[in-house]
Amino acid sequence: MKTRVTELLGIEYPIIQGGMAWVADHHIAAAVSEAGGLGLIAAANAPAEWVREQIREAKKLTDKPFGVNIMLMSPSADEVAKIVVEEGIKVVTTGAGSPEKYMEEWKAAGVKVIPVVASVALARRMERCGADAVVAEGTESGGHIGETTTMALVPQVVDAVKIPVIAAGGIAAAFMLGAEAVQMGTRFVATEECNVHENYKQFLLKARDIDTRVTGRTTGHPVRTLRNPMTKEYLEKEAAGASFEELEMLTLGGLRKAVVDGDVKTGSVMSGQIAGMVKDVPACKDLMARLMAETKEAVKKNSFLVEE
């Protein structure tokens, strides 16, 4: 399945693994790339040298293209921006800010830059500053989110920019909305190569369609996670008008608790609304093959165009 995105990134399938903090290390990134997609190492708030080490470890596992996701609010962002150039990384996705100040250096090094956007205005701005593509991420996604749904956001972004648009969500539906690839996070958490704690995977496998909650809307930093005692307490305090500092203390270090320690009661178990459809833990290679087969079947089955 060829699109402008597969050609741009040199990948077989139009599937990009999300840059999930504490989750997306060299193991999952290399596995997704080996399976034909684009794997990503999530820099998050990690020290820059940890990112360099992860890049080098991924290179030992695959000679296929893989990238780095940089959270631009991180205190290590400037250092990581240089490391991706030094280590020869050719794809960078960005979130939590604008990558404009790094564009000149990245472009000179041949880096493809793909910012994650939650609005048409930001997509246009990214195109003007030289982005090669954008990821339109809707409110259904896990982790930090915007307000617009993918169904509404993707076609508006596609209409607004000339560069390729990648949708955070289902493949067949994304293509019908005009996207040329998808970014997937939650589904890749439940894979053999993903190194999250087994408790996290099992919690995800047991989730139903109604089991995600969004905390932090009143603070301006909404985050979608699976509901647990922590989210219940957070939402109760949020509704009662608790201060930002009090709410922040509830989630401080929460993602690490869930991913590394397996604490799915007080940890932050980030997940998209698709959680209810995740029912098994396949190898990345098997998952990718299944996704592509299901996509082709869905497009064929749901084609309403008829020849006169």
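The values are calculated or read from the model by the stated rules, or taken from the named source; none is laboratory data. These numbers come from a predicted model, not from an experiment. Every residue, glycine among them, receives a Cβ derived from its backbone with ideal geometry; neighbour counts consider all protein chains shown. Ligands, DNA and RNA are stripped out before the accessible areas are found, and what is left, the full protein with its side chains, is counted by its heavy atoms. Shrake-Rupley method; radii C 1.70, N 1.55, O 1.52, S 1.80 Å.
Is segment 177-185 home to any residue that is open to solvent by 80 Å² or more (accessible area, probe 1.4 Å) and touching a helix residue (DSSP H, G or I) at 6+ places or on another chain (Cβ under 9 Å)?
No: segment 177-185 contains no residue that is open to solvent by 80 Å² or more (accessible area, probe 1.4 Å) and touching a helix residue (DSSP H, G or I) at 6+ places or on another chain (Cβ under 9 Å).
Only one of these is open to solvent by 20 Å² or more (accessible area, probe 1.4 Å), under 18 Å from Gly185 (Cα atoms), over 20 Å from the mean Cα position of the chain (by Cα) and not β-branched (Val, Ile, Thr): Arg208, Arg290, Arg213. Name it. Explain how you work it out, then say what you get.
Numbers: Arg290 fails: over 20 Å from the mean Cα position of the chain (by Cα); Arg213 fails: over 20 Å from the mean Cα position of the chain (by Cα).
Only one candidate passes the filter, namely Arg208.
Are any of the residues in segment 166-174 part of a helix (DSSP H, G or I), closer than 30 Å to Val5 by Cα, open to solvent by 20 Å² or more (accessible area, probe 1.4 Å) and free of Cβ contacts under 8 Å to residues at least 40 places away in the same chain?
Checking segment 166-174: at least one residue is part of a helix (DSSP H, G or I), closer than 30 Å to Val5 by Cα, open to solvent by 20 Å² or more (accessible area, probe 1.4 Å) and free of Cβ contacts under 8 Å to residues at least 40 places away in the same chain.
Can you find even one residue in segment 219-242 that is without any contact (Cβ under 8 Å) to a residue 24 or more places away in the chain, of a type in the set (S, T, N, Q) and exposed (fewer than 14 other Cβ atoms within 10 Å of the Cβ)?
The first filter runs over segment 219-242 and keeps only residues without any contact (Cβ under 8 Å) to a residue 24 or more places away in the chain, leaving 220, 227, 231-242.
Filter once more, keeping what is of a type in the set (S, T, N, Q): 231.
Remaining after also requiring exposed (fewer than 14 other Cβ atoms within 10 Å of the Cβ): none.
Looking for residues that are without any contact (Cβ under 8 Å) to a residue 24 or more places away in the chain, of a type in the set (S, T, N, Q) and exposed (fewer than 14 other Cβ atoms within 10 Å of the Cβ), one finds none in segment 219-242, hence no.
Select from segment 254-266 the residues that are open to solvent by less than 90 Å² (accessible area, probe 1.4 Å) and assigned to a loop (DSSP other than H, G, I, E, B) and list them in ascending order.
Step one: list which residues in segment 254-266 are open to solvent by less than 90 Å² (accessible area, probe 1.4 Å), which gives 254-255, 257-264, 266.
Gly262, Asp263, Val264, Thr266, listed by residue number.
Could you figure out which of (1) modelled with pLDDT under 90; (2) under 28 Å from Glu7 (Cα atoms); (3) not β-branched (Val, Ile, Thr) isn't true of Lys162?
(1)
Could you give every pair whose Cβ atoms fall below 9 Å, whose first residue belongs to segment 80-103 and is more than 23 Å from Ala118 (Cα to Cα) and without any contact (Cβ under 8 Å) to a residue 12 or more places away in the chain, and whose second residue is open to solvent by less than 10 Å² (accessible area, probe 1.4 Å) and not in a helix (DSSP H, G or I), counting only separations of at least 6 or pairs across chains?
No pair meets every condition.
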